[in-house]
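Below is one structure, written out as structure tokens; the observations come after it.
Every number in this text was worked out from the coordinates using simple rules, so none of it is lab data. The structure displayed is predicted, hence computed values, not measured ones. FYI the Cβ positions are ideal-geometry reconstructions off the backbone, even for glycines, and counts take in every protein chain you see.
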Amino acid sequence: MSFFFSSPWFAEAGDAHEDLFLALNPDPVTGGEEPALVHLARFASNVLPDVLVLMLVLALLLGPRARVLRRDVLIVLAAMALAWLAARALQAAWPQPRPFVLGLGTPWLVHPASPSFPSMHATVAAAWAVSLAFWRRPVLTAAAVPMALLIAWSRVGLGVHFPIDVVVGVLLGAVAAGVTQACLSPVRLRWLQCMGRRTVRRHRARRLRLQRPA
């Protein structure tokens, strides 16, 4: 595989990675019918991402009535946008073929032969789930994390991504969520606002000193 170098250790790791992909990617059942897992994977891949966005839109519209601050929802959306940009940049910098391009597994979803690494679905879903975890609501976190992991698994189950694509995507999304939270959290924004006010006061005091007659 193109993910690994040509040394024996990397070759063995590449073979193990392919075996893991084939184990997670269902084969057609007798008669060529789709396995039940494929239906679940297609739902997770095609429907759940829209559900994630719809949940945020509803929270943004309802606001206080849903006991959610609009600022927190905007931070989640910013994390998802940052994750998308980071994944897109990595795909452009290091394009890797999808499994079906290499003739591996069974593709259960019609998909263009675009770069595979990392998984965009896994990256954005992980940014969504980790951002919600920062809200410190155990019930919400307990629902968000499995949904994100289900979306990530579905991309491998449908045969359009390798396991390494979704693993790196989840890590990248988590980092994007952490960076966004660190930069846009209320404490950070208050600190920046305070520093800005201090800077303005310093400039005003310096201007007044310069305007005073000698």
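At 0.36 nm per residue, minus the direct Cα-Cα distance, what do residue 20 and residue 70 gain on full extension? Give it in nm, one decimal, please.
13.9 nm
Give me the distance in nm between label points sitting 7 Å out from Cα along the Cα-to-Cβ direction at residue 62 and residue 137, one decimal.
0.8 nm
Distances longer than 25 Å among the Cα atoms of the stretch 44-188: what percent of all pairs is that?
28 percent
With the convex hull built on the Cα atoms of the stretch 108-187, state its orientation-averaged projected area in nm².
That works out to 5.6 nm², a quarter of the Cα hull's surface.
R0 = 30 Å: FRET efficiency of residue 179 with residue 94, Cβ-based, nearest 0.05?
FRET efficiency, residue 179 to residue 94: 0.90.
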